[in-house]
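Undergrad: Starting off with a structure, shown below.
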Amino acid sequence: MYGAVAIFGMSTLLLASCSRDGRDMKLPTADQTETIAVAATIAESVAPVQEFTIAAPWIEGSEIDSIFTCEGSKLSPSFDIAGLPEGTVTWGLSIVDQTAGNAVHWVAANIDPAINSVDAGVVPAGAVQSLNRVGKVGYAAPCPKVGEPHTYILTVYALSQLLEVQEGDDPEIMLTSLEAGSLGIVATTFMVTR
């Protein structure tokens, strides 16, 4: 019984909400000189959102120059970033060897978002670096076994806050912090064959 009353009450309420509200639109008069036009408005001052990108001195997935490896100058690679997402307070980076179980070659965090270019062999000002695969702070140049090609990934993380990390932290802890706090991630891969 109560169910039938509830259904009837809900049906009445639903029908009443779909009906006219009793107001009528007046017909235009002869002396009416203005009209109201409804138009979609788009703010002209809104700039298009730039895509978060990374540009490195190698073709995606190709061999990296030997100056960045153990057979060359052992320099950390240069790269540029653009289009950090809105709300980025800082950014970080990582280079891992995907072929060797994601062995960490470089992790750095808390880089000023005003820095959008990293020169070869240079640690971005203010960066906090973790230990690398050989237990040292900073960049470890790729050095796979002769005849064994390895794939590496350089990843940049846009962050919404400074990370509570310290120089020489465990790389997995710093990587986890970068991934958890990221607003956006961009990456590029390269190969090293000796």
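Okay, residues lined up against (1) modelled with pLDDT of 95 or more; (2) within 21 Å of the chain's Cα centre (by Cα); (3) within 21 Å of I67 (Cα to Cα); (4) basic (K, R):
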site	(1), (2), (3), (4)
S117	yes, yes, yes, no
V122	yes, no, yes, no
V137	yes, no, yes, no
I153	yes, yes, yes, no
E167	yes, no, no, no
D170	yes, no, no, no
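Undergrad: Moving to a separate point now. Can you name the residue in the range 80-96 that is open to solvent by less than 20 Å² (accessible area, probe 1.4 Å) and of a type in the set (S, T, N, Q) and is also farthest from E167 (Cα to Cα) among such residues? It would help to see each step written out before you state the result.
TA: Step one: filter the range 80-96 for residues open to solvent by less than 20 Å² (accessible area, probe 1.4 Å), giving 81, 83, 90-96.
From what's left, of a type in the set (S, T, N, Q): 90, 94.
On the way: T90: 16, S94: 14 Å.
Here the answer is T90.
Undergrad: Same structure again: Could you tell me whether any residue of the range 150-169 is free of Cβ contacts under 8 Å to residues at least 24 places away in the same chain, over 20 Å from G83 (Cα atoms) and open to solvent by 70 Å² or more (accessible area, probe 1.4 Å)? First the steps, then the outcome.
TA: First, the residues of the range 150-169 that are free of Cβ contacts under 8 Å to residues at least 24 places away in the same chain: 164.
From what's left, over 20 Å from G83 (Cα atoms): 164.
Filter once more, so that each one left must be open to solvent by 70 Å² or more (accessible area, probe 1.4 Å): 164.
Checked the range 150-169: at least one residue is free of Cβ contacts under 8 Å to residues at least 24 places away in the same chain, over 20 Å from G83 (Cα atoms) and open to solvent by 70 Å² or more (accessible area, probe 1.4 Å).
Undergrad: Given the structure, is P149 more than 29 Å from Q50 (Cβ to Cβ) and at pLDDT 95 or above?
TA: The answer is yes for P149.
Undergrad: If you scan the range 53-79, which residues turn out to be under 19 Å from the mean Cα position of the chain (by Cα) and open to solvent by 70 Å² or more (accessible area, probe 1.4 Å)?
TA: Of everything in the range 53-79, just one residue is under 19 Å from the mean Cα position of the chain (by Cα) and open to solvent by 70 Å² or more (accessible area, probe 1.4 Å), namely E60.
The values are calculated or read from the model by the stated rules, or taken from the named source; none is laboratory data. Quick caveat: nothing in here was measured; it's all calculated off a predicted structure. Don't worry about glycine lacking a Cβ; one is built from the backbone with ideal geometry, like all the others, and counts go over all protein chains shown. Protein only, heavy atoms only, side chains kept; ligands, DNA and RNA dropped before computing areas. Shrake-Rupley method; radii C 1.70, N 1.55, O 1.52, S 1.80 Å.
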